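Participant: Let me give you the structure first, and then I'll get to my questions.
The values are calculated or read from the model by the stated rules, or taken from the named source; none is laboratory data. Computed from a predicted structure; not experimentally measured. Because the Cβ atoms are built from the backbone with ideal geometry, glycine has one as well, and the counts that use them run over all protein chains shown. Accessible surface areas use protein heavy atoms only, side chains included; no ligands, DNA or RNA. Shrake-Rupley method; radii C 1.70, N 1.55, O 1.52, S 1.80 Å.
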Amino acid sequence: MRTKLFAAACFAALLSGCSSAPASLTYYVLHSPQASTEEQPEPAARVYIEQLSLPEYLKQRSLAMQTGPATVYFSPRHVWAEPLDKSLRQALSASLQHHGVAVLPAAVYSPQYPVSGLHIKIDDFIPAFDGNVLIKGQYWKEDENTQPQIHQFDFRRPMQGDGFEEAVATMRLLVDDLASAISDKAP
């Protein structure tokens, strides 16, 4: 009995030695942590991001890449360091600030300064098989004085290289394109 137990223990140790090392993960953030925050002049508009809606395929950790007209690849080794909606809020807030739109927390405003609720619905935000990265969807602003108008957006940029790092860098540029469009429509 002891011989069988000893043999089983040796076999288990041998098998554990044959296992491969775990795959390393590469983590990405959409916002730029090293971007400096500069004091901006009086903003042209003030908003709070009331809603940011993402499609289901973007609510997971793995980075997604469209590999064909109807196929999406989710990388097991390239993942978001934080939920994409949180990182997208940070990136969009910084870009809006750069374009003269102050993004305030929902509870921080006064009647003397008009603040609009900003709603953003992202339909797609993905590197595509044709070498472009795209962001598509709608946004609208709500305030107590005007009826909301829905604005469609569809921005595309070619990637300058290959890989997920280049895709995320291009995604940052697309967030800035969206911020520019929102600031152009600011009251």
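Participant: Within the range 59-72, does at least one residue satisfy the condition of being at pLDDT 65 or above, farther than 20 Å from Val133 by Cα and out of contact with any Phe, Trp or Tyr (no Cβ under 6 Å at 6 or more places or on another chain)? Spell out how you get there, then give the answer.
Facilitator: Looking only at the range 59-72, we keep the residues that are at pLDDT 65 or above, and these are 59-72.
The next check asks that each one be farther than 20 Å from Val133 by Cα; those that pass are none.
So far as the range 59-72 goes, no, none of its residues is at pLDDT 65 or above, farther than 20 Å from Val133 by Cα and out of contact with any Phe, Trp or Tyr (no Cβ under 6 Å at 6 or more places or on another chain).
Participant: Within the range 43-55, does at least one residue satisfy the condition of being surrounded by fewer than 16 Cβ atoms within 10 Å (Cβ to Cβ), within 17 Å of Phe164 (Cβ to Cβ), modelled with pLDDT of 90 or more and in contact with a strand residue (DSSP E or B) (Cβ under 9 Å, 6 or more places away or on another chain)? First the steps, then the outcome.
Facilitator: Just the residues of the range 43-55 that are surrounded by fewer than 16 Cβ atoms within 10 Å (Cβ to Cβ), to begin with: 44, 50-51, 53, 55.
Still in the running and within 17 Å of Phe164 (Cβ to Cβ): none.
Taking every residue of the range 43-55 in turn, none turns out to be surrounded by fewer than 16 Cβ atoms within 10 Å (Cβ to Cβ), within 17 Å of Phe164 (Cβ to Cβ), modelled with pLDDT of 90 or more and in contact with a strand residue (DSSP E or B) (Cβ under 9 Å, 6 or more places away or on another chain).
Participant: Of the conditions (1) in contact with a strand residue (DSSP E or B) (Cβ under 7 Å, 6 or more places away or on another chain); (2) open to solvent by 30 Å² or more (accessible area, probe 1.4 Å); (3) farther than 22 Å from Thr26 by Cβ, Arg157 satisfies every one except a single condition; which number is it?
Facilitator: Among (1) in contact with a strand residue (DSSP E or B) (Cβ under 7 Å, 6 or more places away or on another chain); (2) open to solvent by 30 Å² or more (accessible area, probe 1.4 Å); (3) farther than 22 Å from Thr26 by Cβ, the lone unmet condition for Arg157 is (3).
Participant: Can you confirm whether Pro105 is assigned to a loop (DSSP other than H, G, I, E, B), touching a strand residue (DSSP E or B) at 6+ places or on another chain (Cβ under 7 Å) and not acidic (Asp, Glu)?
Facilitator: Working: assigned to a loop (DSSP other than H, G, I, E, B): yes; touching a strand residue (DSSP E or B) at 6+ places or on another chain (Cβ under 7 Å): yes; not acidic (Asp, Glu): yes.
Answer is yes for this residue.
Participant: Collect the residues in the range 67-102 that are open to solvent by 40 Å² or more (accessible area, probe 1.4 Å), closer than 20 Å to Val168 by Cβ and part of a strand (DSSP E or B), keeping them in residue-number order.
Facilitator: Thr67, Val72, Tyr73, Phe74, Pro76, Arg77, His78
Participant: Does at least one position in the range 138-158 carry a residue that is touching a Lys or Arg at 6+ places or on another chain (Cβ under 8 Å), in a strand (DSSP E or B) and of a type in the set (Ser, Thr, Tyr)?
Facilitator: So far as the range 138-158 goes, yes, one or more of its residues are touching a Lys or Arg at 6+ places or on another chain (Cβ under 8 Å), in a strand (DSSP E or B) and of a type in the set (Ser, Thr, Tyr).
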